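Novice: Take a look at this one; I'll ask things after.
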């Protein structure tokens, strides 16, 4: 068996970041053509089914591994390797049955869910994705186990393999269904058992089936990811040697470990769905409240959306679903990139913070926590302000053939830019609190934020002048409240004086200049160019250059951060030479 090697916070984060870049690039390759294969209506069904799945999936693939990782990290610090092996066996058995239960419940309540969401045609999509819950739980056991041993490579590699499978099968199935429907229509036959008289009607009839086909590709991808981890573990093991096991203390009873795992898993898992539960609130409120607005204020709503939504969709009462599909399928495709990247710092921080806090290493605890906040801000704040300034050009670049959907999605995405500052910090700070032994706090904070979001959504979305942009206001209120609560309690628990001003203000100043530069280049310097693609890429490039220069001049990067990176000492010496380190 191979010798066991562990990674520190930023080494682990670097591995996950590299995987996340690949995953998100492939995810974009998946979502962009998918958005062009499906229209706003089909994307609405896709998003309705994916919303409930992603919440349960995050519970299993983010929360449950974090609970396992925390327990494994604690026992690793104490050299209790027999307990670590027991935790692996226990977690595999437990998550197997949780996966079965989750799959059955999701399938059983699928009809009730789509009825409550006001999207009955999404039923096939919900059923198609429900088996993925089982496979997600199985992946969780192995990912969490390796993460607790500070080996992020299995998680990273399995994520890449999973997203490649999603790309291949999701696009192939979606394209296959739409192509078959088109062939049936052109031959004059029935399309999914219905007579179709126009291209518009063809799209409406095909939408539920194309959505279900695309979403079934996600189910296949989770099966592939699970199979990969099983094979990897069988071939390479975990790196714990016979000597480690021989000199390990007598193991704790399985029942004691089970109770502890459940106690840790439930609050951590609830905290892990912070992003998804807020978007689930959107699913349960946007279509319903938009339909209410169309019913109560038809003249005002039609004046806003008549030129954007096809007449047959409005006539069929699917206007709310089309708007929701434009928002969730296009705006959120860009919006969710930021928390996906910043969450890797939380995933990598959990075992590192747990180890430092368990060892009562006050200095190590402070370094790890400040590093998490600083690195999150260095990525999250410029992305947030950049999206605020460049929402419409970015969406037009990604979805050039979807003029109506982009026109609906862009104002909402821009309005949500501010909320990304808070959302980007939420998952890392939740992971820090979990590492400090307060896994009970994130679910409580999340509950406060989600209730606030529900109220804001319900009140504002039905107002015609605000409509779907009310979801952006609800998101900002939700995550701003959560972050304020996290900061207050972080100080109370650790009694460490964190330098929040220098952690946040420097990236904020550089990011403001970055966003301003990008906006000016697009709307002023290159205003005469007709190509949106060239203008957008040039504007983003110029903004990025300004950001890098300013963040170095403002000394927003610290030596502790660089020393945790592979070969970071060389970068630290170089920047130190020119006095560019904070």
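The values are calculated or read from the model by the stated rules, or taken from the named source; none is laboratory data. None of the values given here were measured: they were computed from a predicted structure. Positions of Cβ are backbone-derived with ideal geometry, glycine not excepted, and every protein chain shown enters the neighbour counts.
Novice: Looking at region 214-230, can you tell me whether even one residue there is surrounded by fewer than 20 Cβ atoms within 10 Å (Cβ to Cβ) and not in a helix (DSSP H, G or I)?
Specialist: no
Novice: Criterion first (more than 16 Å from residue 472 (Cβ to Cβ), in contact (Cβ under 8 Å) with a residue 12 or more places away in the chain and within 19 Å of the chain's Cα centre (by Cα)) does residue 396 satisfy it?
Specialist: It is false that residue 396 is more than 16 Å from residue 472 (Cβ to Cβ), in contact (Cβ under 8 Å) with a residue 12 or more places away in the chain and within 19 Å of the chain's Cα centre (by Cα).
Novice: Which one of 290, 230, 261 is in contact (Cβ under 8 Å) with a residue 24 or more places away in the chain and over 30 Å from residue 160 (Cα atoms)?
Specialist: 290
Novice: Being under 30 Å from residue 121 (Cβ atoms) and modelled with pLDDT under 80 is true for just one of 199, 205, 218. Which residue is that?
Specialist: None of the other options fit; the residue is 199.
Novice: On to the next question. For residues that are assigned to a helix (DSSP H, G or I) and surrounded by fewer than 24 Cβ atoms within 10 Å (Cβ to Cβ), tally how many sit in region 395-405.
Specialist: Summing the residues that are assigned to a helix (DSSP H, G or I) and surrounded by fewer than 24 Cβ atoms within 10 Å (Cβ to Cβ) in region 395-405 gives 5.
Novice: Look at residue 408 and say whether it is assigned to a loop (DSSP other than H, G, I, E, B), modelled with pLDDT of 90 or more and in the same structural domain as residue 300 (by TED's automatic domain parsing).
Specialist: In short, no.
Novice: A further question follows. Quick one: is residue 450 modelled with pLDDT under 95 and assigned by TED's automatic domain parsing to the domain that holds residue 325?
Specialist: Spelling it out, residue 450 is indeed modelled with pLDDT under 95 and assigned by TED's automatic domain parsing to the domain that holds residue 325.
Novice: Does region 274-285 contain at least one residue that is part of a helix (DSSP H, G or I), outside the structural domain of residue 102 (by TED's automatic domain parsing), under 21 Å from the mean Cα position of the chain (by Cα) and more than 28 Å from residue 139 (Cα to Cα)?
Specialist: Yes, because at least one residue in region 274-285 is part of a helix (DSSP H, G or I), outside the structural domain of residue 102 (by TED's automatic domain parsing), under 21 Å from the mean Cα position of the chain (by Cα) and more than 28 Å from residue 139 (Cα to Cα).
Novice: Output yes when any residue across region 334-354 is within 24 Å of residue 473 (Cα to Cα) and not in a helix (DSSP H, G or I), and no when none is.
Specialist: yes
Novice: Does at least one position in region 423-444 carry a residue that is free of Cβ contacts under 8 Å to residues at least 40 places away in the same chain and under 18 Å from the mean Cα position of the chain (by Cα)?
Specialist: No: region 423-444 contains no residue that is free of Cβ contacts under 8 Å to residues at least 40 places away in the same chain and under 18 Å from the mean Cα position of the chain (by Cα).
Novice: So, one more: With respect to residue 447, determine if the residue is crowded, with 24+ Cβ neighbours inside 10 Å and part of a helix (DSSP H, G or I).
Specialist: No.
Novice: For region 238-265, name all the residues that are within 29 Å of the chain's Cα centre (by Cα) and closer than 16 Å to residue 141 by Cβ.
Specialist: 238, 258, 260, 261, 262, 264, 265
Table: residues versus (1) modelled with pLDDT under 90; (2) under 14 Å from residue 222 (Cβ atoms).
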| site | (1), (2) |
| --- | --- |
| 79 | yes, no |
| 104 | no, no |
| 109 | no, no |
| 119 | yes, no |
| 145 | yes, no |
| 162 | no, yes |
| 165 | no, yes |
| 172 | no, no |
| 183 | yes, no |
